[in-house]
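Before any comments, here is the structure.
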Amino acid sequence: MVYREEKRRLYLAVRDDVYLDIFSEPIGRIFIENNQLNIIVFDPVTEEIVKWIN
């Protein structure tokens, strides 16, 4: 049996330094757009969310 909840979204949580290294590059932005990737960028020191991308 497959259980699906259509109203929920899955987010990938990444540290801010990882986001800057990978996802701020042109190839990273293309990956996000082509795969409809939802991302939460967080600062591990302050434990705060820096950016939501969906």
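The values are calculated or read from the model by the stated rules, or taken from the named source; none is laboratory data. Quick caveat: nothing in here was measured; it's all calculated off a predicted structure. Cβ: placed from backbone, ideal geometry, glycine included. Neighbour counts: every protein chain shown. Calculation scope for accessible area: heavy atoms of the full protein, side chains included, ligands and nucleic acids excluded. Shrake-Rupley method; radii C 1.70, N 1.55, O 1.52, S 1.80 Å.
The set of residues in the range 23-48 that are more than 11 Å from the chain's Cα centre (by Cα) and among the β-branched types (Val, Ile, Thr) comprises Ile27, Ile30, Val45, Thr46. Residues of the range 44-54 that are in a strand (DSSP E or B) and under 15 Å from Phe23 (Cα atoms): Val50, Lys51, Trp52, Ile53. Applying the criterion of being modelled with pLDDT of 85 or more and acidic (Asp, Glu) to the residues of the range 26-51, the residue that is surrounded by the fewest Cβ atoms within 10 Å (Cβ to Cβ) is Glu47.
Looking across the range 1-21, the residues that are outside any loop (DSSP other than H, G, I, E, B) and open to solvent by 90 Å² or more (accessible area, probe 1.4 Å) come down to Arg15, Leu20, Asp21.
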